[in-house]
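**Student:** Please read through the structure below; I'll follow up with questions.
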Amino acid sequence: MYKLEKIEGGVCAANGFYADGISAGLKKNDAKDMAFIYADTLCEIASAFTTNKMAAAPIKHFKAKGDFKTNFVLINSKNANAMTGEAGIDDIDEVLGHLPDEAMNPVMSSTGVIGVRLPKEKLINGIKLFDLTQKNPTSAAQAIMTTDSFKKEIAFQVTLSDGSSFHIGAMAKGAGMINPAMATMLCFITTDADVSSTKMQKVLDRVVVTTFNAASVDGDTSTNDTVMLLSNSKSGAYDEEAFEDTLHQIMEFLAKQMVKDGEGATKLVTYKVTGAKNDHEAEVVAKALSNSLLVKTALYGEDPNWGRIASTVGASGAEAKEETLTISFDDICVYEKGNLYFDAEMEIQAAKIMRKPEFTISCDLGIGSGEFTAFGCDLGYEYVKINADYRT
C-alpha cells in the first residue's frame, strides 16, 4: 500500500533539485525564455523522443551520448534548433561549454521556430544570470512556454507502507503541434526515488503510451517532442507500483493540460473506445477521432453531429460494423447498434453536453475486448490565427 499526496514544488519538489527561468532576450518584452534544472548530484536518466524523422539537434545531441548520467538540463524557448544540421549540434556544445563547473555532462532541450540557428550570444549571456541555488519551478515552467496560455507543473509525495517516501515533480509545455509519437511538447520530470535508469525507462515506455501519446491538438508531430525523467535516488525509497501509478497520474494530467491549452481550444474531449477487436485497433480508432478535422470543427461549433463520429470510426481502418456500434456523449446514447435515438429532444440534450468545457465521447465497437482512451480538443479560428502569425 502507498499514499499519494499532491504537493507544491514542481520540478523542485524532489530533494536536491533546483530550477529557475530567466529572460535571455529571445522573446519580446523581457519575457522569460531560458530555464535550467540542476541537481546537486549526478542523476539516472530515462527519455522518450519524437518519431519525426527531422528530429531536432538537441535530440541528436542527447542520443549521441549513449548511456550516461547528468545533473543539468538547459532549456530555451522561441528557437527549436531543428533542421540546422551539424552546425546546430556544434552550437549546443558551444553554449553548454559556458555553463558553471557544477554542470556535469549537461544536456539541452529547445522549442520554437524550426530552421533558425541558436542565438548563441544571447544564450551565453543568459547563462551568466543563472543562480543554481534557486528553487523557482514556476519561473522555469513559464520560461519554456511558447504559444502556451498557462504554465503546466505538478508534484506528488509518495509515502510507502514502511513509512519511507519519495517525490516526483514535473513541468511541461505544449499547446500546438501536438500529436506526440515517441506537441511542440517538452516534459521534464524529476524524482528522488531510488530507481535505476533501466527500471525508469521501462516504466516511462509503458506510461507514455496512454498519456502523451494519447493526446492530440492538431495531429502534427513536432521535431522536438521530448520527455526527460531524472532521478538522483536521494530518498532511498522506491516501489515500482507506486512509482508507475504516480508517474501515470502526473503525465496524464500534463497531457490533458496541453490538450486543454490547445491553441484556440475551448473543449477538452476524452475519446473512450471499447469493444474493439484488440487494444491496438481501439487505439487506432481513438486517435482517428482525436485527430479528425471534421470532428474537431463540430466540437468547436458545439454541433452534436454523431454522424462524423461514426464516419471516422468506419474510416479508421479498424474492424467496425454499423450493427454493433454504440456512440454516447457522456451518458447520452445517440446511436446504438443500428437504432437511431437522435430525435429533437435528444439533440437538445447532446448539445448541452457539447457546450461543456470537458466531456467524453464513447464508442463501443461491440466486436471484442480491446480498449483505449485518447484526449483531444476542438479546432477554431484562433488556431489558424496563432499559427499564421507564429514567426512574428
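The values are calculated or read from the model by the stated rules, or taken from the named source; none is laboratory data. Here the structure is a predicted model, which is why all the values come from computation and not from measurement. Counting neighbours? That spans all protein chains shown, and the Cβs are built from the backbone with ideal geometry, glycine included. Ligands, DNA and RNA are stripped out before the accessible areas are found, and what is left, the full protein with its side chains, is counted by its heavy atoms. Shrake-Rupley method; radii C 1.70, N 1.55, O 1.52, S 1.80 Å.
**Student:** Taking the highest mean first, how do the peptides 54-62, 115-123, 284-292, 5-13 order by number of other beta carbon atoms within 10 angstrom per residue?
**Tutor:** The peptides rank, most packed first, as 284-292, 54-62, 5-13, 115-123.
**Student:** Which of 66, 125, 4 sits closest to the plus end of the dipole of segment 1-137, meaning its Cα is farthest towards the positive end, when Lys and Arg get +1 and Asp and Glu get -1 on the C-beta?
**Tutor:** Toward the positive end, the furthest listed residue is 4.
**Student:** Next up: Expressed in nm², what is the orientationally averaged projection area of the convex hull enclosing the Cα positions of segment 1-123?
**Tutor:** Taking a quarter of the hull surface, the average projection is 9.6 nm².
**Student:** Give the distance, in whole Å, between the Cα centre of segment 198-261 and the Cα centre of segment 323-349.
**Tutor:** Answer, in whole Å: 35.
**Student:** With n ≥ 4 as the cut-off for DSSP H runs, can you work out [θ] at 222 nm for the chain, using -39500 (n - 2.57) per run divided by the number of residues, rounded to the nearest 500?
**Tutor:** That comes out to -9000 deg cm²/dmol.
**Student:** In addition: Percent of accessible area on the chain owned by carbon and sulfur, 1.4 Å probe?
**Tutor:** Carbon and sulfur atoms account for 48 percent of the accessible area of the chain.
**Student:** Quick check on segment 19-157: of the DSSP beta bridges with both residues there, what percent are antiparallel, nearest 5%?
**Tutor:** 65 percent
**Student:** So what is the relative contact order for segment 1-52, in percent, with contacts set as C-alpha pairs under 8 Å and at least six apart?
**Tutor:** 26 percent
**Student:** Using the alpha-carbon centroid of each, what span in Å lies between segment 9-48 and segment 71-125?
**Tutor:** 14 Å
**Student:** Hey, what's segment 252-364 come to in accessible area per residue, 1.4 Å probe, Å²?
**Tutor:** Dividing the accessible area of segment 252-364 by its residue count gives 45 Å².
**Student:** Picking from 293, 236, 307, whose Cα lies most toward the positive end of the charge dipole for segment 211-309 (charges on Cβ: Lys, Arg +1; Asp, Glu -1)?
**Tutor:** The residue sitting farthest along the positive end of the dipole is 307.
**Student:** Taking all protein chains together and a probe of 1.4 Å, list 271, 341, 238 from the most accessible to the least accessible.
**Tutor:** From most exposed to least exposed: 341, 238, 271.
**Student:** Pick out, from 18, 57, 103, the residue whose Cα sits farthest towards the positive end of the charge dipole of segment 1-142, with +1 on the Cβ of Lys and Arg and -1 on the Cβ of Asp and Glu.
**Tutor:** Checking the options against the dipole of segment 1-142, the answer is 57.
**Student:** Convex hull over the alpha-carbon atoms of the chain: what's its volume per residue in Å³?
**Tutor:** Hull volume over Cα atoms, normalised by residue count, gives 134 Å³.
**Student:** On average, how much accessible surface per residue is there in segment 70-177, in Å², for a 1.4 Å probe, leaving out ligands, DNA and RNA?
**Tutor:** For segment 70-177, the per-residue accessible area is 37 Å².
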